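Please treat every number below as a calculation from the coordinates, not as lab data. Since this is a predicted model, take the numbers as computed values, not measurements. No Cβ is skipped: glycine too gets one built from the backbone with ideal geometry, and neighbour counts run over all protein chains shown.
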C-alpha cells in the first residue's frame, strides 16, 4: 500500500438498512465488519475477494441524469436475478449491454444497484 492512495470502500446510507443488508446476503457477499443482528448500531460492511474500483461516466451517456450505482459482479447474473426475485426484490430481467456484460439495475432502500456478469 505504501504512499499511494487507493479506494477502500464505498459508504452507503440506505433508507431501508434491513432490505439493503438482506440483498447483500442473498447475493452471497462476505460480512467484513459489524454485527448484522445488532439493532442499535446499524453499520455493517460487506465485500468480496476480488477488490474494488470506481467507474466514472459522463451524464451525456446517462441521458443527463447524474447517479451513483453500486455494481456487484456475480458469477451467474440469471441465478442472482432469480434469488433476488424469490427473496421479494423487484429486479428487471438482465440484458446484455453494449459494453459486453449481462446486467440489471434496480433500487433497494433508495440506492441504485447493478448486478453484472462479465
Cβ-based exposure ranking for 20, 59, 85, in which fewest neighbours within 10 Å come first: 59, 85, 20
Simple spin-label estimate for residue 57 and residue 12 in nanometres, 7 Å along Cα-Cβ: 1.6
Top of 36, 66, 94 by mean-square fluctuation, Gaussian network on the chain, Cα under 10 Å: 66
GNM top mover of 22, 102, 49 - the chain, alpha-carbon springs below 10 Å: 49
Taking 27, 33 and counting other C-beta atoms within 10 Å, the order from fewest to most: 33, 27
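Under the rule of -39500 (n - 2.57) per DSSP H run of 4 or more residues, summed and divided by the residues of the chain, what mean residue ellipticity at 222 nm is obtained, to the nearest 500 deg cm²/dmol?
Value at 222 nm, helices only, nearest 500: -5000 deg cm²/dmol.
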Considering only the chain, percent of DSSP beta bridges that pair antiparallel, nearest 5: 70
Volume of the Cα convex hull of the chain, divided per residue and given in Å³: 138
Most mobile listed residue (70, 56, 84) in the chain, GNM with C-alpha springs under 10 Å: 56
